[in-house]
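Below: one structure, written as structure tokens.
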Amino acid sequence: MAEPPLSTPAPHRALRAIRRGAHRVDAATPASRDRAVDALRAAAILGVVLGHWLVTALVAADGGLHTASPLQHMPRLAPVSWLLQTLAVFFLVGGYAATRSLNTARAKGESYGGWLRARLTRLLRPVAALLGLWTVADTVLLLTGTPLATLHTLLKLALSPLWFLLVLAALTAVTPLVARLNPLWPLAVVLHVDLLRFGLHLGPSWLGWINLAAGWLVPYTLGAAWARGELHTRRSAWALLLGGTAATAVLVGCAGYPASMVGVPGSAVSNLNPPTLAAVTFGLAQCGLALLLRDRLRRAMSRPWAWAAVVLVNLSAMTVFLWHQTALMATTATGLLAGRLPGLHTPPDSPAWVAYRLAWLPVFALALTVCRAAFRHHEQGPRRPRHRPSRVVHRHLPPKKTPHHA
């Protein structure tokens, strides 16, 4: 008598379902889409998230929480910031996507106002949820007697991602004006501002904040140049990579700029707050590397599972970016119920802390997954009809080689 067939184990069924879903996403993607753009955007977002989780510590002391960084106590960890400070790549992709989107809108006869409204809506819609939750949370914490210093620490961390969105929104709004701007112009502005600040020690205290716009305008205009097909050769990518690396090495080694590409509490100069010339030249090197990796990324994204993972990140990119600090703080606050936990509430002053913090990363990721599930609809908007094409997916066409560029 034949035995009945054994049922397929649940893990195998789940794996097959994931594989089928990945193949459906791959099949639904237009062949004309430049998948390298999405891969770079996902890598930039995840780099920022991991960087913040690794260099931001909430230390429990004196009945409250205050921020600290392992870079304060272990400066030799500065190379970690070189790997995970990926904002320049995000602005590069932002300039590329905005320029191509604007050109497409113009070709369809759409107005600038309609185009800008559509782009800013998805960019800024998730902010309302973050502000609403933290308004309620801060009110509750204040009424329950939480020290003001702790409230300031938490609110500063929670709202810190907003500066990035505001700068990106401003650059998006002026895309028609800067789409053909040579990146050397904003680079020259950064150079002169730093010369006045650090070389001649002249100018008002707010002078450095000019670099907040000019500094990130450099990779943004590089992205616009990429969209125009002006950075299609490997020679231009190598020039950015080698030139940016050499300039950064000289600025750090000879001009006294900090080696860390992120802010370090207590440091006299921060490369990011506001951006310095070293941060901008480092961003040039990052953009050159990103451009060099385009072909390899396109080949890698031909694998359905890899492409599905990138799509998943991009669909909730702003939600992930806005809520990753809240996920860290929620884990830290919950952990206080069990006492001072190493790598979570202890001073980041030893390699042991780094090992413990690495072990906490999956917990942070789980908390962020919960935040994403709760708030992603603020970014993606209402569910679309089943047979209606997705408005989230925009076509990024690789620049065609015209006879002028051949």
Among Leu361, Leu344, the single one that is touching a Phe, Trp or Tyr at 6+ places or on another chain (Cβ under 8 Å), outside any helix (DSSP H, G or I) and over 25 Å from Gly132 (Cβ atoms) is Leu344
If you check Ala179 against the conditions, is it in contact with a Ser or Thr (Cβ under 7 Å, 6 or more places away or on another chain), surrounded by 15 or more Cβ atoms within 10 Å (Cβ to Cβ) and under 27 Å from Ala239 (Cα atoms)?
yes
Close pairs from region 156-170: first over 17 Å from Val218 (Cβ atoms) and of a type outside the set (D, E, K, R), partner modelled with pLDDT of 90 or more and in a loop (DSSP other than H, G, I, E, B), Cβ under 9 Å, at least 6 apart
Leu157/Thr56
Specify the residue that is nearest to Pro75 (Cα to Cα); the eligible residues are those in region 334-354 that are free of Cβ contacts under 8 Å to residues at least 12 places away in the same chain and exposed (fewer than 14 other Cβ atoms within 10 Å of the Cβ).
Ala352
Pull out all pairs, ordered by first then second residue, where Cβ-Cβ is under 8 Å, the residues are six or more apart or on different chains, the first lies in region 308-321 and is within 14 Å of Val37 (Cα to Cα), and the second is outside any helix (DSSP H, G or I) and modelled with pLDDT of 90 or more.
Val310/Met301
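Is one or more of the residues making up region 300-321 more than 28 Å from Leu368 (Cα to Cα), over 20 Å from the mean Cα position of the chain (by Cα) and not in a loop (DSSP other than H, G, I, E, B)?
no
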Assuming Ala27 fulfils every condition listed in (1) farther than 26 Å from Gly223 by Cα; (2) at pLDDT below 90; (3) under 23 Å from the mean Cα position of the chain (by Cα) apart from one, which condition is it?
(3)
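The values are calculated or read from the model by the stated rules, or taken from the named source; none is laboratory data. Computed from a predicted model, the values in this text were never measured in an experiment. With ideal geometry, Cβ positions are generated from the backbone for all residues, glycine too; neighbour counts draw on all protein chains shown.
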